[in-house]
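Below: the structure, in structure tokens.
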Amino acid sequence: MSDKKRCFVLMGFGTKVDFKTNRSLDLDKTYKIIQLAIKDAGLECVRADDIVHSGVIDKPMYENLLNADVAIADLSTSNENAIYELGVRHALKPRTTIVIAEKQFKFPFDLGHVVIRPYEHLGTGIDFEEAERLRTELAKAITTIIKASDPDSPVYTFLPGLRPPELAASAGTPLTAAAAPAP
């Protein structure tokens, strides 16, 4: 693995149906834009289907949710796995998570405190101007949040004394949470 900062992308793959709007969206078209934005920001891009592994994806997925310098979650189509992974990321990392969704996305109540950057998907693709706008916005957001110190996770926003977990030094040791300082 390189020393380059890494961005882990949480999203569905291929064409998926958003059952709330009954629209089919080719999420791989969105991923191509996300990849370019990440490259523009100088980071390495990783999505779960890019991870070479044997067996179940769970361990490398959790490692990426914990260790990635930045995470981008595309919640378009209300993908349960992406929403679950976003929740795990918010529990593990106080900051450096960006959430995007197609503009017709009907977000759940609990995401009301999260900044969700909208974009317009045409179903089979994304208009060139919209693709360029999203690419530019994401690249700028990545470079901005890497430098920021304020939490973007609602967990760490509403529980300010919480400290992020750290992976124990020995391989195979489960994640442990550092104790918060006494009040």
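The values are calculated or read from the model by the stated rules, or taken from the named source; none is laboratory data. Predicted model, so just to flag it, every value in this text is computed and none were measured. Because the Cβ atoms are built from the backbone with ideal geometry, glycine has one as well, and the counts that use them run over all protein chains shown. Remember, those area values only see protein heavy atoms, side chains included, never the ligands or the DNA or RNA. Shrake-Rupley method; radii C 1.70, N 1.55, O 1.52, S 1.80 Å.
The Cα atoms of region 75-178 cover 47, 30, 29 Å along the three principal axes, with the biggest extent listed first. Converting the Cα gyration tensor eigenvalues of the chain into ellipsoid dimensions via √(5λ) gives semi-axes, longest first, of 27, 18, 17 Å. When only alpha carbons are used to place a centre, region 23-48 and region 90-159 end up 13 Å from one another. Our summary gives the chain a relative contact order of 23 percent, counting only alpha carbon pairs under 8 angstrom and 6 or more residues apart. With only Cα atoms counted, region 1-94 has Rg and Dmax values of 13.3, 42 Å.
Expressed as a whole percent, the accessible area of the chain that falls on carbon and sulfur atoms is 57 (1.4 Å probe). Can you tell me the orientation of helix 80-92 relative to the chain, as the angle in degrees between its alpha-carbon axis and the longest Cα principal axis, to the nearest 10? Computed tilt is about 30 degrees. Taking 28 Å as the cut-off for C-alpha to C-alpha distance, list the pairs among LYS5/LYS106; LYS32/LYS147; LYS39/LYS93; LYS16/LYS59 that go past it. In this structure, LYS5/LYS106 exceed 28 Å between Cα atoms. Amide H to amide H under 5 Å from GLY125: which residues, 5+ apart in sequence or cross-chain, H placed 1.01 Å off N in plane? Result for GLY125 returns ASP26.
Once backbone amide H atoms are built at 1.01 Å from N, ALA41 has no partners under 5 Å, excluding neighbours fewer than 5 places away on the same chain. Stretching ASP150 away from GLU120 to a fully extended chain increases their span by 8.0 nm, per 0.36 nm per residue minus the current alpha-carbon distance.
Mean sequence separation of contacting Cα pairs (under 8 Å, at least six apart), scaled by the length of region 45-121, corresponds to a relative contact order of 26 percent.
Annotation: amide H-H contacts under 5 Å for ILE100 (H modelled 1.01 Å from N, sequence separation of 5 or more, or interchain): ALA73, ASP74, LEU75, ARG117. A simple spin-label model places the labels of LYS29 and ARG95 3.5 nm from each other, with each point 7 Å out along Cα-to-Cβ.
A 1.4 Å probe run over the protein chains yields, for the chain, 56 Å² of accessible area per residue, whole-number rounding.
This model, with +1 at the C-beta of Lys and Arg and -1 at the C-beta of Asp and Glu, gives region 7-46 a dipole about its Cα centre of some 160 debye.
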